[in-house]
């Protein structure tokens, strides 16, 4: 962890215990302690614990990064008690508003020092016991969720059939190092919006820079949960958010008809057709929301390329640094199957190879179209059932000559590249400390990473490149980047459509399926390790 990150963490912890000092000084004097002791951070909390006759080791817990922020309010509550403050309101004010509450208590209320013995004699009502226990549980769960693991639900089929819709996962925060929240002032257990209404669940009054403790790099093949990179700006409406993000709508609007039409699930069980212009010019029904990094929607994909790799997709296969990668066994693709005459019928294919009726159709005798996992195709080949299994690939000559398929245009959103999801690249994945020579050809690929993710003023004009007001010919990256793809290769919104995932968006590694549901529990998926 960089030294300036450590400095920021301890600066916040120091301010938490110093800012109440202006009220604590008078309260210390009333208890017979010298006022100056209130102005020495952490020594003041030692004195508070001494006056309250509470364990002194709590003071040392305050030096645990971030966790210490939660210890200090507990010390403040115990100190408020020795001045006869026992109400829930007083304790809430001491914990959450100490810089204001203690000066108010000292100069406005001017209470008497009752001491630790009076505190011992005070008996809390039964409901307070429950409230205090609930608050402790919330704090403990928040710390676990932030630093150890977090529960996550699979919302879409982009990782079929490795991960299924309504699989419930534990995501390990320790695998890549716990990331400190950029927006620590937020409602516990709620991501970006309140469950009722359209209000945000967080405040940007306090925002921290990107900090990750004990950082470890993502590895190729990992199933990774991350914050959607283009999800920083979205329309907050049913069917939009990250499913139809702002930047995608903006690009389609620039393309004009017929590409600017959007068909979306309106949340009422039906589908609505609307133009991008109607969305962009209707802030009442389609309000635009800007999220900080840690509050953009969570996605889960497989990391197929890491920082410094060269990636290319040919004939639907992934090549990393020129070497063909193994296909994940449960990755999905649509195939045209030619089976041996008389070897097996449609019902037999579905029964033996666990294919859903909706995933296979009859084309002609011994010919079928099916959505199959790579493992199933290999098994059919081993069983001698197949003559051929031809994948249904998105070819450039088809996508870029058919105006109805422009929605298939991939990152970097320019027809100059003529890439598709099955024929993509070559493309270099940026690496921290590596320098890129800037050209007009690669500007569309790396412009967003340099400008948005790495927070620079960056643009090109008349064939020249300008970084923070100075002309440049190259750029050195500040972060590592990753390339993420869904195992459902033709049903995944992934890096092929929106580009690189910066390291500061990485949440954790998918670890364990602890529950799964489809009309009832999927018992065979419970407690399965994610591979």
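The values are calculated or read from the model by the stated rules, or taken from the named source; none is laboratory data. Because the structure is a prediction, the values reported are computed rather than measured. Neighbour counts are summed over all protein chains in view; Cβ atoms, including those assigned to glycine, are modelled from backbone coordinates with ideal geometry.
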Q | Tally of residues being free of Cβ contacts under 8 Å to residues at least 40 places away in the same chain and over 30 Å from residue 263 (Cα atoms) across segment 206-239 | A | 1
Q: Select, from 465, 497, the only residue that is within 23 Å of residue 310 (Cβ to Cβ), over 28 Å from the mean Cα position of the chain (by Cα) and either assigned to a helix (DSSP H, G or I) or modelled with pLDDT of 95 or more (or both).
A: 465
Q) Within segment 140-150, can one find any residue that is free of Cβ contacts under 8 Å to residues at least 12 places away in the same chain and either within 27 Å of residue 453 (Cα to Cα) or more than 17 Å from the chain's Cα centre (by Cα) (or both)? A) yes
(Q) Scan segment 444-457 and tell me whether some residue there is free of Cβ contacts under 8 Å to residues at least 40 places away in the same chain, out of contact with any strand residue (DSSP E or B) (no Cβ under 7 Å at 6 or more places or on another chain) and at positive phi. (A) yes
(Q) I'd like the residue in segment 81-91 that is within 22 Å of residue 127 (Cβ to Cβ) and outside any helix (DSSP H, G or I) and, out of all such residues, is nearest to the chain's Cα centre (by Cα). (A) 87
Q.
Show me the strands (runs of 3 or more DSSP E) found entirely inside segment 242-303 where at least 3 residues are free of Cβ contacts under 8 Å to residues at least 60 places away in the same chain.
A. 261-265, 271-275
Q.
With more than 20 Å from the chain's Cα centre (by Cα) and not assigned by TED's automatic domain parsing to the domain that holds residue 324 as the only criterion, which of 229, 245, 258 stands out?
A. 258
**Q.** Tally of residues being at pLDDT below 85, surrounded by 19 or more Cβ atoms within 10 Å (Cβ to Cβ) and not in a helix (DSSP H, G or I) across segment 386-409
**A.** 1
Q | Scan of segment 335-349 for residues that are modelled with pLDDT of 80 or more and surrounded by fewer than 19 Cβ atoms within 10 Å (Cβ to Cβ), ordered by number | A | 336, 338, 340
Q: Answer yes or no: is there a residue in segment 126-140 that is surrounded by 10 or more Cβ atoms within 10 Å (Cβ to Cβ), touching a helix residue (DSSP H, G or I) at 6+ places or on another chain (Cβ under 7 Å) and either at pLDDT 90 or above or over 27 Å from residue 21 (Cβ atoms) (or both).
A: yes
Q: Tell me which residues, restricted to segment 205-228, are out of contact with any strand residue (DSSP E or B) (no Cβ under 6 Å at 6 or more places or on another chain) and outside any loop (DSSP other than H, G, I, E, B).
A: 227
